[in-house]
Every structure is written in structure tokens, then in C-alpha cells.
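Chemist: Okay, here's the structure, questions in a sec.
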């Protein structure tokens, strides 16, 4: 089934209430904003979003899952701790939802540590320029990470066991120009100089 057919099928079966997926949610938002002249929601934008997710997201997702399985297989303690958290939070057979996310801090930590260690985007890109900043170098820089070569999901948890969302030196998908503290070419150059010393 193509993108247009999928969108048409969703439109035909759309019901009020919680959306079944991203397409339902987008269609509901389109309906909510149909009289808004400034809306950017449209069938074409939804089609581009879906195509983008399929092509750009599928490789990243596959790579992330491959690395996640590798790290869990090579770190049985982490695997056991992750399974214990999931078993505690989710009754058998229940699928996780976004509402469960705050109750799964170790799961979130394992995912973030996988993104840190796997380095999906080796070079950081900024609009209009290529920055010679190896993300791997930043993700293994001792100024940002204790024991950077070790796979330690606990580094993402605070003393209360809660997930810590923002960490300087974490750029799993490249450099974000909106984060000045790591996006500046001077900062990246300094990191590269430190790594080559």
C-alpha cells in the first residue's frame, strides 16, 4: 500500500478519540485547523512526513536497534536490569505507551547510552557548512563522560534513579545549531584539538 492509499484508508476509518498512530493524529490536527489560514497541516505535508519517516527513520531505527541488541547481548547485567524494570512497570502482555515513559528511567538510559556509544552520525552538520567535528570524539571525551569507553546506562540517571534528559557532549544525530554550547565551530575545533593531543 502506497502513502496516498494509507492516508485514504486512515481518513475513511478515522474515529474520534485517541489516535491509532501518527497518521490519525495528523489527520485530527488537520481537521482541528481546517479553518486556520496560517496552518501548515496539509495532505502534501503529511505525505512528505511519512516518506521522510520511512526513508530517513528506517535506517536510523534499524541501526539503533542493532546496536541496542549488541550492547544488551554483551552486557548481561544491563539486560537483566532492563528486563526487571520492564517486568515491574508493564504487566505481562501490556505494551508500553508514552504515559509509561516516566516510569521507565533505566530503559530511557539504556536507549540514550546506546545512542552515545553507537555514534549513528559520525560527522556533525550545520546548515550551510560542514563542521569537522567527529561525534565519536565528543561521545568519548572525558570532559563530558566518566569512563567514556564503558557502556554505562547509569550515567543517565540522577541519585534518585530518575532519567537526566540533557547532557552536554551528547549529539546522537549531529550538531544542533540551536544548542550554542556545542554547535559553535570554535567549541567543536577545541574538542578536536583535545582529541588529537
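Chemist: Hey, among 18, 91, which residue is assigned to a loop (DSSP other than H, G, I, E, B), in the same structural domain as residue 163 (by TED's automatic domain parsing) and more than 23 Å from residue 173 (Cα to Cα)?
Modeler: Of 18, 91, the one residue that is assigned to a loop (DSSP other than H, G, I, E, B), in the same structural domain as residue 163 (by TED's automatic domain parsing) and more than 23 Å from residue 173 (Cα to Cα) is 91.
For every residue, the table says whether it meets (1) closer than 24 Å to residue 85 by Cα; (2) surrounded by 15 or more Cβ atoms within 10 Å (Cβ to Cβ); (3) at pLDDT below 95.
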{"position": "106", "(1), (2), (3)": "yes, yes, no"}
{"position": "109", "(1), (2), (3)": "yes, yes, no"}
{"position": "118", "(1), (2), (3)": "yes, yes, yes"}
{"position": "133", "(1), (2), (3)": "no, yes, yes"}
{"position": "143", "(1), (2), (3)": "no, no, yes"}
{"position": "146", "(1), (2), (3)": "no, no, yes"}
{"position": "151", "(1), (2), (3)": "yes, yes, no"}
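Chemist: Another question, if that's okay. Taking into account only those residues within the range 94-108 that are part of a helix (DSSP H, G or I) and out of contact with any strand residue (DSSP E or B) (no Cβ under 6 Å at 6 or more places or on another chain), which is nearest to residue 20 (Cα to Cα)?
Modeler: Ranking the qualifying residues of the range 94-108, first place goes to 98.
Chemist: Let me ask you something else. Can you find a residue in the range 50-64 that is farther than 29 Å from residue 114 by Cβ and surrounded by 12 or more Cβ atoms within 10 Å (Cβ to Cβ)?
Modeler: Within the range 50-64, not a single residue is farther than 29 Å from residue 114 by Cβ and surrounded by 12 or more Cβ atoms within 10 Å (Cβ to Cβ).
Chemist: Taking residue 31, is it within 28 Å of residue 106 (Cβ to Cβ) and either loosely packed, with under 11 Cβ neighbours inside 10 Å or more than 26 Å from the chain's Cα centre (by Cα) (or both)?
Modeler: When the stated conditions are applied, residue 31 does not pass them.
Chemist: Residue under question is residue 9, and the condition is that it be in the same structural domain as residue 155 (by TED's automatic domain parsing), assigned to a helix (DSSP H, G or I) and over 16 Å from the mean Cα position of the chain (by Cα); does it hold?
Modeler: So residue 9 does not fit the description; no.
Chemist: Only one of (1) assigned to a loop (DSSP other than H, G, I, E, B); (2) in contact with a helix residue (DSSP H, G or I) (Cβ under 9 Å, 6 or more places away or on another chain); (3) closer than 21 Å to residue 97 by Cβ fails for residue 39. Which number is that?
Modeler: The number of the failed condition is (3).
The values are calculated or read from the model by the stated rules, or taken from the named source; none is laboratory data. Predicted model only: the values in this text are computed from it and were never measured. So basically every Cβ, Gly included, is an ideal-geometry build from the backbone, and we count neighbours across all protein chains shown.
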